[in-house]
């Protein structure tokens, strides 16, 4: 009965939200959730509907215990505004960010676009975020057991040759407030950022971060987020560096610059212009990347899968390809919070 009611409510909710520009709808949704969860016991009621408390769902990945394998991908809660709210929908972890040392507006609006025919999104947000000081002030007020990942990057105005300093600043300042780190070197929306995926530059970055990490009393897992557009020969170089510097894992994948096989009209795509494509259109690219890394590393590198997970079957496909954990973004936008519960139910049915 709940599922039927949910489908009706979600149909009208999504239809209403999709009347407005995506970024407005995103921020409006945050406001509404915050407002509603001030009602006594409402959050607890919602959590009882969506969160599945089952030890068979628990995962220990890179030394961290996750209550289930489903998390929220970076970019959705960039500024850690919802860290005390989103566990109500069944997530076990949230990746905040991408956070940069200084606050920045990002690219000019509009910068987020729906491809409804493709169950996709195109964004060119440009690392818009409130900066370290404000993000840390919110992390200090965390009241839930959610695992928090810190996705970090460089400011747009920072020259590429100085980018390591931005990552080091973020790593040091966020260290006490997040459970793991992700080095974002693969967003297509910050000029020259993907240059950091080149072996020489990537080695400089991860060696610098790991040097700091190893001197800490309690080193944190450090992961690398890679592009689905990488040629496999470059992926091999990334894997070599992961082993060399004992990087904890990979987030696969970021958004793509490609526009292949879309149902959305060519004219609309041309009008939208540049930006990273996410959702159903990148499902196969992401899965192929996960499968390749898993095979190449003989299953020894933990992988967080993100990209095109729109259904429980998509989630199972990622796990079968070699993912230890999965993250939602576009799927959460199009399918809503019931997707998290249904994925966890499917995992229980498949593997237990």
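No value in this document is a laboratory result; all are computed from the given coordinates. None of these values were measured; they are calculated from a predicted model. When we count neighbours, we look across all protein chains shown, and the Cβ atoms used for this are built from the backbone with ideal geometry, even at glycine.
Here are the numbers:
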| read-out | value |
| --- | --- |
| Cα-projected label distance for residue 214 with residue 313, points at 7 Å along beta-carbon direction, nm | 4.7 nm |
| Calculated over segment 154-284: convex hull of Cα atoms, volume per residue (Å³) | 122 Å³ |
| The chain - share of DSSP beta bridges that are antiparallel (%, nearest 5) | 30 percent |
| Tail fraction, Cα-Cα pairs, segment 15-139, threshold 16 Å, whole percent | 71 percent |
| Cα-projected label distance for residue 234 with residue 260, points at 7 Å along beta-carbon direction, nm | 1.5 nm |
| Using a Förster distance of 30 Å, the FRET efficiency for residue 60-residue 296 (Cβ separation, nearest 0.05) | 0.80 |
| Per-peptide average of other Cβ atoms within 10 Å, ordering 205-211, 328-334 highest first | 328-334, 205-211 |
| Cα Rg, Dmax (largest Cα-Cα span) when computed across segment 2-351, Å | 19.0, 55 |
| Length released on extending from residue 345 to residue 48, taking residue separation times 0.36 nm less the Cα-Cα span | 105.5 nm |
| Distribution of pairwise C-alpha distances over segment 228-335, 5 Å bins, in % | 2, 12, 22, 22, 18, 12, 7, 3, 1, 0 |
| Burial ranking of peptide ranges 298-308, 61-71 (average Cβ count within 10 Å, highest at the top) | 298-308, 61-71 |
| Rounded FRET efficiency, nearest 0.05, which uses the C-beta distance separating residue 5 from residue 176 and R0 of 35 Å | 0.25 |
| Full-stretch length increase - residue 268, residue 195 - with 0.36 nm per residue and alpha-carbon distance subtracted | 23.4 nm |
| Separation between Cα centres of segment 12-57 and segment 119-144, rounded to whole Å | 17 Å |
| Residue 145 paired with residue 13, simple spin-label distance in nm, labels 7 Å along Cα-to-beta-carbon | 2.4 nm |
